[in-house]
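Derivation of every value follows stated rules applied to the coordinates shown; laboratory data play no part. As the structure is a computational prediction, the values presented were derived from the model and not from experiment. Neighbour counts run over all protein chains shown; Cβ positions are idealised from the backbone, glycine included.
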Amino acid sequence: MNHITSDPNDYINFKCKKGYLCAEGSKKEIGSELCPKPFYCIDGIQNTCPAGQFIPVRGADSANECVDCPPGKICPVGGSIVDCPAGYFCSSGKYYSEVIDDPNGPK
């Protein structure tokens with residue numbers, strides 16, 4: 001908590017509650033909403049997981065909640081999750097797709 005003097009022109013401000021998004025002008029400790037997926041919120045500010053990871057739930061409050069991108073998906077920086085493109089293989093935790101020859105031949 002930050003406290004400014006008792007001067008009437010000064011103010012008191014508080015940190016946003018963990019796991020909540022507090023946009024400019026928020027009037028409550030829970031801000032405007034739970035932190036949206038696939039992000040985590042620290043001090044009311046939305047943050048992204050590293051490339052290859054995302055957060056599958058709302059209300060995350062730590063980078064420790066980031067999990068590897070699931071197989072068949074790509075998780076680039078920024079929290080988006082997209083399907084692996086046709087003709088490519090995407091293993092868990094990837095932020096890019098790879099062309100991999102199928103050892104069993106075409107299906």
message = Please list, ordered by chain and number, the residues whose modelled amide H lies under 5 Å from the amide H of residue 84; skip anything fewer than 5 residues away on the same chain.
response = 73, 74
message = Under a crude label model (7 Å from the Cα following the beta-carbon direction), how far is residue 15 from residue 67 in nanometres?
response = 2.7
task = Mind listing the long-range amide H neighbours of residue 33? Cut-off is under 5 Å, sequence gap 5 or more, other chains count too, H placed in the peptide plane at 1.01 Å from N.
result = 21
message = List the residues, sorted by chain then number, that are 5 or more residues from residue 45 or on another chain and whose placed amide H is less than 5 Å from its amide H.
response = 22
Directionally averaged shadow of the range 27-74, computed from the convex hull of its alpha-carbon atoms, nm² = 3.3
